[in-house]
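Asks: This is the structure I have questions about; it appears just below.
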Amino acid sequence: MTALEYILDGLAAELALERELGVRVVECDRSLLAQPSRVPETVPLAAPAAPITAAPAVAPVERAKQASPSSAIADIVFLHDKPLSPPCEEMMAKIVAALGKTPETAPVVTEGAVPRAKAYVVLGGLALKKWFPGVSAAPGQWVATPLSPNVLVTYSPAYIQRFSTVTPAVQQIKKDMWTSIKSVLRRIQG
C-alpha cells in the first residue's frame with residue numbers, strides 16, 4: 001500500500017465517521033488528493049491548501065446547552081451516556097415535541113453538569129451507570145437519587161434504533177418507553 005492509498009483510506013474512514021455523527025457538509029480541496037509531483041528545488045512552494053473542514057449541524061443537545069441559562073429549572077432533563085446519532089436525535093425530538101416541550105424545557109444531556117430539573121429521565125442502563133453509579137433500576141422504574149427523588153429509567157433510543165425490523169416485541173418496548181415517559185408529565189404536574 002502506498003502512502004497516498006493509506007491517506008485516502010484514512011480520509012474515507014474520517015468522512016464515514018463524520019456522516020455517522022451527523023455532519024451535514026464536508027468540504028475537501030481535491031488538489032490535496034493528487035499525487036504530488038517532484039518539485040524542483042528552485043521553485044518556491046505555494047502556501048498549504050486549506051484543510052478539510054466540516055460544518056456540523058447544531059444538535060438539539062447543543063441548542064439546549066446554548067439557549068438555557070444554568071440557573072433555570074427545566075421541566076424534564078433526559079440523560080444519555082453518549083452523543084445521540086441523527087436517527088436517535090430525531091426520535092428524541094419527536095418525543096420532546098409529543099410531550100409539548102421544547103429543547104429548552106426538556107434538553108437531552110450527554111456530558112457536563114446536569115441542569116436542575118423537576119424530573120430526570122435516564123435513557124438506558126449505560127446512562128444510569130454513568131450519571132448515577134451504584135443505582136440499579138429496570139426500564140419504567142422510578143428511583144430516588146441524591147440529585148432528585150424524581151428519576152425515571154427507560155430504554156435508550158439507541159437500543160430501539162438497533163432493531164431494523166419492527167416486531168411485536170419492539171412495538172412493546174416502544175410502547176413501554178412512551179408510557180413511562182408520559183408518566184413524567186403526571187409526576188411533575190401533580
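Rule-based calculations on the coordinates, nothing more; no lab input. Here the structure is a predicted model, which means the values were calculated and not measured. Counting neighbours? That spans all protein chains shown, and the Cβs are built from the backbone with ideal geometry, glycine included.
Asks: Rank these for me by crowding, SER164, SER85, going from fewest to most other beta carbons within 10 Å. Don't skip to the answer; put the middle values down first.
Replies: Details: SER164 6, SER85 15.
Least crowded to most crowded, the residues run SER164, SER85.
Asks: Given segment 60-189, what percent of its DSSP beta bridges are antiparallel, to the nearest 5? Walk me through the numbers on the way to the answer.
Replies: Working: 2 of 13 bridges.
For segment 60-189, the DSSP antiparallel bridge percentage is about 15.
Asks: Could you line up ASP176, ASP9, ASP75 from fewest to most neighbouring Cβ atoms inside 10 Å?
Replies: Exposure proxy ranking, most exposed first: ASP9, ASP176, ASP75.
Asks: A further question on this structure: Cα-based Rg of segment 60-189 per 2.2 N^0.38 Å, rounded to two decimals?
Replies: Cα Rg divided by the expected 2.2 N^0.38 Å: 0.98.
Asks: May I pose another question? Write down the Å³ per residue value for the convex hull defined by the alpha carbon atoms of segment 89-151.
Replies: Per-residue hull volume (Cα only) is 99 Å³.
Asks: Got a sec? How would THR145, THR154, THR105 order by Cβ neighbour count within 10 Å, fewest to most?
Replies: The order, fewest Cβ neighbours first, is THR145, THR105, THR154.
Asks: Next question, about the same structure. Give the cross-link partners of LYS94 among the lysines, using a straight C-alpha distance below 25 Å as the criterion and excluding same-chain residues fewer than 8 apart.
Replies: Straight-distance partners of LYS94: LYS65, LYS82, LYS118, LYS130, LYS174, LYS175, LYS182.
Asks: Once you have the Cα-Cα distance between LYS130 and LEU8, take 0.36 nm times their residue separation minus that, and quote the gain in nm to one decimal.
Replies: On the way: separation 122, 0.36 × 122 = 43.92 nm, distance 3.65 nm.
This chain segment gains 40.3 nm when fully extended.
Asks: Using modelled amide H (1.01 Å from N, peptide plane; none on Pro or chain starts), what sits under 5 Å from the amide H of VAL121, excluding residues fewer than 5 places away?
Replies: VAL77, PHE78, LEU79, LEU152
Asks: Contour minus end-to-end for LEU185 and GLN161, with contour as 0.36 nm per residue of separation and end-to-end as the Cα-Cα distance?
Replies: My answer for the length gained is 6.2 nm.
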